[in-house]
Amino acid sequence: MSNASATVADLLGGATARIAAALGLENREARLEARVLAAFAWNVTPSWLIAHDTDPLSNLQLTTFTSLLTRRLAGEPIAYLTGTREFYGRSFEVSPDVLIPRPDTERLVELALARIPPDQAVAVLDLGTGSGCIAITLALERPHARVTAVDRSSAALAVAQRNADIHHAGVEFLTSDWFAELGGRRFDLIVSNPPYIAAADPHLRRGDVRFEPLTALAAGQDGLDDLRRLTAAACAHLMPGGTLLLEHGYNQADAVQTLLRMNGIRHPQSWADLSGILRVSGGELSE
């Protein structure tokens, strides 16, 4: 697009159409993405875009926006382009080293918060913390809780630590392959959003997921490898009566409940996400 007579509104209109066509998005979602990219590229607010929609474009505006748009049209996630994603009302730094936080995972946080008394120093463990969004949210919402978060990726932990610093959250971060470096430590609550997609699932080659770390997504032939490891080891790290909560795939609730029951979790149950899909399963360790 030439900037000879093009305005901000012209650019956003054209970008909306291209995003919708290339990524198969509804027009409303494509328009939002175009505006997010422009606001980030030009370091302006969404309201600035409205107030200046008839302004002519400068060469710099056109160049910086087009660079981001080209990457988005190739499928690169908005969150990686802007370096941030909102989760539970807060902005978190993200990079290709971590999964992009998703609204469905807020259900795991809600269930965890309901099990953390606001005035008690409950010991909480977040396994596979990634960006740290779960652990940091729990620490901020329950300041008396003692939150520990582990990940086997040092690059992911660097992102999580930066997020904790940004939000002034008191979280202990450890490099660990699940429970490996935790010794005999026990917790009142263990939460995790582990990899749970089958390695051959075609969704791994579509959309935003293509750009996310595969090791944080895929878990063996049936997607249950890591969930098996977690349920088998979790009870040795739970206090008597402690709770284990695990996010999982849309069709895995029955399988995860079975794993929980086999490994000492009493009366396991599942809870639905925003779409009505059973997304989190868990229960308490027998005392």
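The values are calculated or read from the model by the stated rules, or taken from the named source; none is laboratory data. Bear in mind that the values here come from a model prediction, so they are computed numbers and not experimental data. Surface areas here come from the heavy atoms of the whole protein model, side chains and all, with no ligands, DNA or RNA. Shrake-Rupley method; radii C 1.70, N 1.55, O 1.52, S 1.80 Å.
Laid out as a table, the results:
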| quantity | calculated |
| --- | --- |
| Residue 271 - accessible surface, heavy atoms, 1.4 Å probe, Å² rounded to 10 | 40 |
| Cα centroid separation, the range 217-284 to the range 83-140 (Å) | 18 |
| Accessible-area order (highest first, 1.4 angstrom probe) of the listed residues 224, 140 | 140, 224 |
| Area accessible to solvent at residue 106, 1.4 Å probe radius, in Å² | 50 |
| Cα-only Debye scattering, the chain: base-10 log of I(q)/I(0) at q = 0.14 Å⁻¹ | -1.00 |
| Of 154, 67, 192, the one that fluctuates the most in a GNM where the chain has Cα springs shorter than 10 Å | 67 |
| Accessible area per residue, Å², the chain with all protein chains present, probe 1.4 Å | 47 |
| Angle between the chain longest axis and helix 253-262 axis [Cα atoms, degrees, rounded to 10] | 30 |
| Gyration tensor (alpha-carbon) shape descriptor, the range 73-147, a/c threshold 1.5 | prolate |
| Percent accessible area from carbon and sulfur atoms, the chain, protein chains only, probe 1.4 Å | 52 |
| Helix-only mean residue ellipticity at 222 nm for the chain, each DSSP H run of n ≥ 4 adding -39500 (n - 2.57), per residue, nearest 500 | -11500 deg cm²/dmol |
